[in-house]
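Contents: one structure, followed by commentary.
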Amino acid sequence: MKRSEAAARRRSRRGAECREKRREKVNRIIKMYERVRKLAKGQTMTEYALILAAIAIVVFIAYETMGNDIKSLVSSVDSYLTAT
């Protein structure tokens with residue numbers, strides 16, 4: 001076997017090892033990205049729940065504050081609709 005053939009084989013093995021290492025790094029990066037996406041999805045759902053709770057509180061406070069006004073408004077609309 002010639003020296004150049006032996007050197008070519010060594011380079012080929014080193015190249016295969018480098019490709020395998022790169023492939024492992026890419027796989028690790030992909031797995032980390034998938035984990036981050038799952039965490040972000042859970043975070044988004046929590047944010048929506050907090051927004052919904054805040055809206056519910058505002059509606060409740062508005063109803064408590066303007067309850068009688070709303071009742072009289074609905075009664076007047078009802079009277080108008082039944083009269084026509």
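The values are calculated or read from the model by the stated rules, or taken from the named source; none is laboratory data. If you're wondering where the values come from, they're calculated on a predicted model, not measured in any experiment. Neighbour counts are summed over all protein chains in view; Cβ atoms, including those assigned to glycine, are modelled from backbone coordinates with ideal geometry.
Within segment 60-84, the set of residues being exposed (fewer than 10 other Cβ atoms within 10 Å of the Cβ) and of a type in the set (A, V, I, L, M) comprises Leu81, Ala83.
The numbered conditions (1) at pLDDT 85 or above; (2) within 41 Å of the chain's Cα centre (by Cα); (3) of a type outside the set (D, E, K, R) are all true for Ala16 except (1).
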